[in-house]
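A.B. asks: Below are the structure tokens for one structure; questions will follow.
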Amino acid sequence: MSEPPYTGNATNFYYASPTVAAIVNLAIALKRPLLVEGEPGCGKTKLAYSIAAEKGLPAPTKISVKSTTRAKDLLYTVNSLRRLQDTQIKDATEARFMYPYISLGPLGRAIGSGQRVVLLIDEVDKADIDFPNDLLDVLESFTFQIEDLPPEEDEACQKRHRFGRQVAGNPDFPPIVVITSNREKRLPEAFLRRCLYVRLRFPETLEELRDIVMKNLDPGATNQALLEEAVKTFRKIREASLGSTQKPPTTSELIDWVRILYWQGIRPESLAEKPYLPPFWETLFKTASDLDAYSAVAQSKLA
Amino acid sequence: MTPQVALEGLFFYLVREGFPLGIRDLTQALEALRGGFGTSSRENLMWLCQSLWARTEEEHRRISLLFEMFPPPTPEEIATLTGNSPESSGGETFSKPLGPQSKDRASQGDTTAIDFTSAENRTGLGIPASVTTVPSERFVLAPKPLISQRACAVAWRRFRRPLRFGPKVDVDIEETIAAKAQDGFLPEPVLVPRRDNRARVVLLIDVGPSMMAWRHSVAVLGDSLRESQFGTYGVYYFHETPARLFEKETLTVPVSLRSAFERFSKTPVLVVSEAGAARATLDKQRIEATRVCLGQLGLAWRPVAWLNPMTASRWRGTPAQYISCLPSVSMFPFNAYGLVQAVDVMRGRR
């Protein structure tokens with residue numbers, strides 16, 4: 001395959017550090033799922049979108065995991081209720097068969113399409129502990145069986161839906177699987193071993209932070225001087241809030257804050273006047289206890 | 001030395017060190033090498049090993065430590081190994097083969113080994129000579145809890161009490177069919193609330209100084225409760241006997257038994273304490289105090305299961321032996337199987 005490698009910086013909405021981009025390339029080359037962890041709001045989900053955009057693929061197939069999600073539901077679903085209702089119609093023969101009531105789920109469709117897609121399994125840790133383990137085999141071989149479909153209906157199903165009992169992906173272009181986790185629950189060891197792991201860290205340099213904000217704002221939504229000052233002030237606030245707050249502000253809060261500053265016509269100089277409590281600093285925190293905790297820290301720093 | 005040989009050496013070294021790696025991990029790493037990953041420099045190779053084989057910070061650290069331990073060979077060393085003159089090509093050297101050769105290095109005592117020389121010369125305090133032999137194995141400083149997160153999850157899974165609770169969202173197939181059979185038509189399916197885990201448990205943790213050694217293991221158990229989707233659970237801390245309970249590990253916020261009982265009435269309780277086995281003395285007062293206090297707890301919290309982090313063979317002749325014989329309590333060693341047994345007791349099976 002002579003695809004150009006993922007650079008992490010070619011899209012106009014995302015910036016991934018070279019280390020992250022290298023691991024993404026490694027995952028694609030080895031056809032292994034990529035497990036992304038990091039603080040909420042650091043761009044885990046957007047990473048999948050940027051891979052799709054850089055590779056010229058359609059937007060990722062997103063699977064939002066809920067606590068009740070089962071692995072089978074992602075592959076296929078059986079509409080038993082409709083079948084039950086159909087049994088009441090006189091002279092209707094459809095309900096004797098299973099295949100009219102089977103449809104592929106998001107993961108099943110992505111595999112069955114045979115085309116290269118980016119598959120985003122969002123917040124995998126929310127589901128039951130069995131969920132990741134059940135997915136292991138499918139994510140490795142990109143084939144699965146519809147066990148609810150009787151073998152004798154295989155052909156009829158193939159005719160109607162263009163998939164049979166055995167759904168197999170294209171081995172040359174397997175889906176690029178990106179799995180995100182918030183670390184609410186620890187994932188099973190076997191699952192971790194199969195995935196390539198990348199931890200998105202908070203951007204370390206001011207330049208990276210500035211680039212990220214620039215990429216996320218519409219052109220003309222800020223001015224350079226305000227942005228520079230805002231990023232500098234934000235760094236100070238974040239450092240001061242680490243340890244004392246439950247959720248320190250991350251990039252997504254910074255982007256919103258810069259937007260607000262620009263809309264409200266705040267001058268860059270006024271940010272430097274009160275370095276720890278600049279205008280609208282409250283928007284950077286999400287809970288009452290974090291607001292209180294940070295304001296106490298800031299007061300002590302200013303005093 | 002090619003990166004491929006270095007990678008193979010590293011792999012087998014890591015496997016010997018107890019990394020949970022399989023042949024698949026090696027073949028995939030070699031495939032990545034062939035794909036051009038990790039070939040540009042030593043750091044690059046380390047990066048490849050870490051991203052493919054390490055899943056925790058500790059594993060990351062151990063791999064980079066390994067790269068530090070085995071620096072790239074000097075041109076002279078290459079010359080003696082290969083019998084050729086030092087290579088003048090600009091190609092990056094990766095590492096010496098790891099394995100039998102590396103043993104000599106370790107025994108020579110490099111910078112990371114602990115310096116025992118002053119003790120060997122007996123210039124320091126009078127330590128018995130048998131203690132001062134240089135350990136041949138490197139210390140593994142990664143915490144090894146008595147019980148793994150996974151084992152906890154498996155045990156708690158036996159403790160589910162699924163009850164239908166909340167909004168009606170699930171289809172009750174049997175009732176739906178019954179309704180259809182009765183009326184002859186089906187306007188809408190019969191819905192029932194979703195099943196939810198309503199199991200409750202109270203965890204009492206001894207945080208006395210004698211429990212220090214197992215703090216990490218106990219924390220794993222405490223964390224597993226949070227992750228196991230219990231209906232409600234309470235964690236209280238105590239010192240020696242659970243007569244006085246505290247909300248915090250630091251034993252700072254006391255909780256009255258009455259309020260704890262009101263919050264969790266008729267709830268199974270799991271006690272984690274060494275029950276005097278760590279000190280290996282027969283503390284009669286402690287036995288009596290524990291007996292009285294278990295009687296008190298048993299009024300509201302039943303059944304009582306007890307996990308003891310001390311090995312069962314060390315309970316003899318200590319309060320642990322006597323407490324484990326009390327009819328109101330079932331004591332098990334603190335490990336994966338012990339927790340499963342404790343869960344069975346808490347479910348009402350003995």
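A.B. asks: Considering only helices (runs of 4 or more DSSP H) fully contained in the stretch B:1-64, which possess at least 3 residues that are more than 11 Å from chain A (Cβ to nearest Cβ) and open to solvent by 30 Å² or more (accessible area, probe 1.4 Å)?
C.D. replies: B:3-16
A.B. asks: Turning to a different aspect of this structure: Within the stretch A:87-96, does at least one residue satisfy the condition of being touching a residue at least 12 places away in the same chain (Cβ under 8 Å) and within 14 Å of another protein chain (Cβ to nearest Cβ)?
C.D. replies: yes
A.B. asks: Within the stretch A:113-128, how many residues turn out to be open to solvent by less than 40 Å² (accessible area, probe 1.4 Å) and either closer than 13 Å to A:Val178 by Cα or without any contact (Cβ under 8 Å) to a residue 60 or more places away in the chain (or both)?
C.D. replies: 8
Let's see how each residue does on (1) crowded, with 17+ Cβ neighbours inside 10 Å; (2) within 24 Å of B:Val304 (Cβ to Cβ); (3) within 13 Å of chain A (Cβ to nearest Cβ):
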{"position": "B:Leu191", "(1), (2), (3)": "no, no, yes"}
{"position": "B:Arg195", "(1), (2), (3)": "no, no, yes"}
{"position": "B:Arg198", "(1), (2), (3)": "no, yes, no"}
{"position": "B:Val202", "(1), (2), (3)": "yes, yes, no"}
{"position": "B:Val207", "(1), (2), (3)": "yes, yes, no"}
{"position": "B:Ser210", "(1), (2), (3)": "yes, yes, no"}
{"position": "B:Val218", "(1), (2), (3)": "yes, yes, no"}
{"position": "B:Arg226", "(1), (2), (3)": "no, yes, yes"}
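Every residue, every condition in (1) touching a strand residue (DSSP E or B) at 6+ places or on another chain (Cβ under 9 Å); (2) within 14 Å of chain B (Cβ to nearest Cβ); (3) open to solvent by 40 Å² or more (accessible area, probe 1.4 Å), yes or no:
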position	(1), (2), (3)
A:Ala22	no, yes, no
A:Ile28	yes, yes, no
A:Glu39	yes, no, yes
A:Lys46	no, no, yes
A:Ala52	yes, no, no
A:Lys55	yes, no, yes
A:Ile63	yes, no, no
A:Lys66	no, yes, yes
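A.B. asks: Please find, within the stretch A:21-79, the residue that is farthest from the chain's Cα centre (by Cα) out of those that are hydroxyl-bearing (Ser, Thr, Tyr) and farther than 30 Å from B:Leu33 by Cα.
C.D. replies: In this case the residue turns out to be A:Thr77.
A.B. asks: While we're here: Among the candidates B:Gly348, B:Gly276, which residue alone is open to solvent by less than 10 Å² (accessible area, probe 1.4 Å) and on the phi > 0 side of the Ramachandran plot?
C.D. replies: Result of the check over B:Gly348, B:Gly276: B:Gly276.
A.B. asks: Would you kindly identify the helices (runs of 4 or more DSSP H) lying entirely within the stretch B:132-227 that contain at least 2 residues that are at pLDDT 85 or above and under 22 Å from B:Pro333 (Cα atoms)?
C.D. replies: Here the list reads B:149-157, B:215-227.
A.B. asks: Follow-up. Just one of the numbered conditions (1) more than 10 Å from chain B (Cβ to nearest Cβ); (2) surrounded by fewer than 17 Cβ atoms within 10 Å (Cβ to Cβ); (3) of a type in the set (S, T, N, Q) is not true of A:Thr11; which one?
C.D. replies: If we test A:Thr11 against (1) more than 10 Å from chain B (Cβ to nearest Cβ); (2) surrounded by fewer than 17 Cβ atoms within 10 Å (Cβ to Cβ); (3) of a type in the set (S, T, N, Q), just (2) comes out false.
A.B. asks: Give the residues of the stretch B:289-299 that are of a type in the set (Gly, Ala, Ser) and open to solvent by 20 Å² or more (accessible area, probe 1.4 Å), sorted by residue number.
C.D. replies: B:Ala289, B:Gly295
A.B. asks: Hey, another quick one. Out of the residues in the stretch A:187-216 that are without any contact (Cβ under 8 Å) to a residue 12 or more places away in the chain and of a type in the set (D, E, K, R), state the one that is farthest from the other protein chains (Cβ to nearest Cβ).
C.D. replies: A:Glu207
A.B. asks: Now for a different question. Report, by residue number, each residue of the stretch B:284-299 that is in contact with an Asp or Glu (Cβ under 9 Å, 6 or more places away or on another chain) and not β-branched (Val, Ile, Thr).
C.D. replies: Answer for the stretch B:284-299, where residues must be in contact with an Asp or Glu (Cβ under 9 Å, 6 or more places away or on another chain) and not β-branched (Val, Ile, Thr): B:Arg286, B:Ala289.
A.B. asks: In addition: Quick one: how many residues across the stretch A:154-186 are facing chain B (nearest Cβ under 10 Å) and open to solvent by 50 Å² or more (accessible area, probe 1.4 Å)?
C.D. replies: Adding up the residues that qualify gives 2.
A.B. asks: Within the stretch B:161-176, identify whether any single residue is open to solvent by less than 80 Å² (accessible area, probe 1.4 Å), of a type in the set (Ser, Thr, Tyr) and away from chain A (no Cβ under 14 Å), and answer yes or no.
C.D. replies: Scanning the stretch B:161-176 turns up no residue that is open to solvent by less than 80 Å² (accessible area, probe 1.4 Å), of a type in the set (Ser, Thr, Tyr) and away from chain A (no Cβ under 14 Å).
A.B. asks: OK, next. Going by what's in this entry, would B:Gly338 be described as of a type outside the set (Val, Ile, Thr), in a helix (DSSP H, G or I) and either at pLDDT below 85 or open to solvent by less than 40 Å² (accessible area, probe 1.4 Å) (or both)?
C.D. replies: Considered against the rule, which asks whether it is of a type outside the set (Val, Ile, Thr), in a helix (DSSP H, G or I) and either at pLDDT below 85 or open to solvent by less than 40 Å² (accessible area, probe 1.4 Å) (or both), B:Gly338 comes out as yes.
The values are calculated or read from the model by the stated rules, or taken from the named source; none is laboratory data. All values derive from a computational prediction rather than experimental measurement. Positions of Cβ are generated from backbone atoms using ideal geometry, with glycine treated the same way; all protein chains shown enter the neighbour counts. Please note that ligands, DNA and RNA were not included when accessible areas were found on the heavy atoms of the full protein model with its side chains. Shrake-Rupley method; radii C 1.70, N 1.55, O 1.52, S 1.80 Å.
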